[in-house]
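Worksheet: the structure to be examined is printed underneath.
The values are calculated or read from the model by the stated rules, or taken from the named source; none is laboratory data. Just so it is clear, the structure is predicted and the values come from calculations on it, not from any experiment. Ideal geometry is used to build each Cβ from the backbone, glycine not excepted, and the neighbour counts take in all protein chains shown. For accessibility, only protein heavy atoms count, side chains too; no ligands or nucleic acids. Shrake-Rupley method; radii C 1.70, N 1.55, O 1.52, S 1.80 Å.
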Amino acid sequence: MMSAERKLELTAAVEEGPYYKTGSPERNNIVDPGTPGIKLVLEGRVLDRNGQPIPHAWLDFWHADATGTYDNKGYHLRGHQYADKDGRYRLETIRPKDYLFRATHVHAKVRANENSAILTTQLFFPGDKKNATDPLFEKLTVMDVRDTKDGQKATFDFVVETN
Ligand code: FE
C-alpha cells in the first residue's frame, strides 16, 4: 500500500544548458532520415509522487548528434510529445555523442499539465567514461540501457509534481 510516507522522490533536476530551443515539433521520432548514429529508443512513464501515471504529460527532448553537435538553426534531434493515457512515452532517436567536458546525455523537460511546474533534467548513459568527471553528471538520472538487434533501448521513468 502506498502511504504518505512512501512517496517517490521527484526526478532530480539538471541544468538546462545553452542549447534549449522552444517551439520544437511534436513528434516521437526526432531523427532525419539518413542521419548517422546508433539507433536509440527511449521509453518510460511519467509518474506522480504516488507512483500513479500521469496521462498526456508533456515531454520535450533535445540532444547532440553522433558527432557531439547540436542543431541550433533548426530542430533536428529535437521534439516534444505527450504521454499516452497510461503515462507512457516513446522517443525514437540516435545515441548522442559526448562533447567537451560533458558526459553523453539527453536533455529533457517534463510537465504533468499546463499548470504544473516544468522539470528540466538530463538523462545519462551507464558506463560512459565522462560520467566520472562531468560536474553536471547526476547518478539519479542514469537510464537503464541495453543493446538490441539494431541499436540500444533505454528506459527511464520521470516523477514530477502535479501542481
Ligand atoms: Fe547538452
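List of remarks:
- Any hit, the stretch 44-57, residues being in contact with a helix residue (DSSP H, G or I) (Cβ under 9 Å, 6 or more places away or on another chain) and either crowded, with 20+ Cβ neighbours inside 10 Å or at negative phi (or both): yes
- Arg90 satisfies every condition listed in (1) surrounded by fewer than 22 Cβ atoms within 10 Å (Cβ to Cβ); (2) within 12 Å of the ligand (Cβ to nearest atom); (3) within 28 Å of Asn50 (Cβ to Cβ) except (2).
- Failed item in (1) open to solvent by less than 10 Å² (accessible area, probe 1.4 Å); (2) within 29 Å of Thr162 (Cα to Cα), with Ala103 passing the rest: (2)
- Matching residues, the stretch 134-158, being among the hydrophobic types (A, V, I, L, M, F, W, C), open to solvent by 40 Å² or more (accessible area, probe 1.4 Å) and in a strand (DSSP E or B): Val142
- For the residues Asp65, Asp98, Asp71, the requirement of being within 15 Å of the ligand (Cβ to nearest atom) and within 18 Å of Val14 (Cα to Cα) singles out Asp98.
- Boolean, Tyr82 is touching a His at 6+ places or on another chain (Cβ under 6 Å) and away from the ligand (no atom under 15 Å from the Cβ): yes
- Verdict on Val110 being more than 16 Å from the ligand (Cβ to nearest atom), crowded, with 16+ Cβ neighbours inside 10 Å, of a type in the set (A, V, I, L, M, F, W, C) and closer than 22 Å to Val31 by Cα: yes
- Of all residues in the stretch 1-50 being of a type in the set (Ser, Thr, Tyr) and in contact (Cβ under 8 Å) with a residue 24 or more places away in the chain, the one that is nearest to Phe137 (Cα to Cα): Thr11
- Some residue of the stretch 116-125 being open to solvent by 10 Å² or more (accessible area, probe 1.4 Å) and either among the charged types (D, E, K, R) or part of a helix (DSSP H, G or I) (or both): no
- Strands (runs of 3 or more DSSP E) lying entirely in the stretch 6-114 (those with 2 or more residues that are under 15 Å from Ala154 (Cβ atoms)): 39-47, 58-62, 88-94, 105-111
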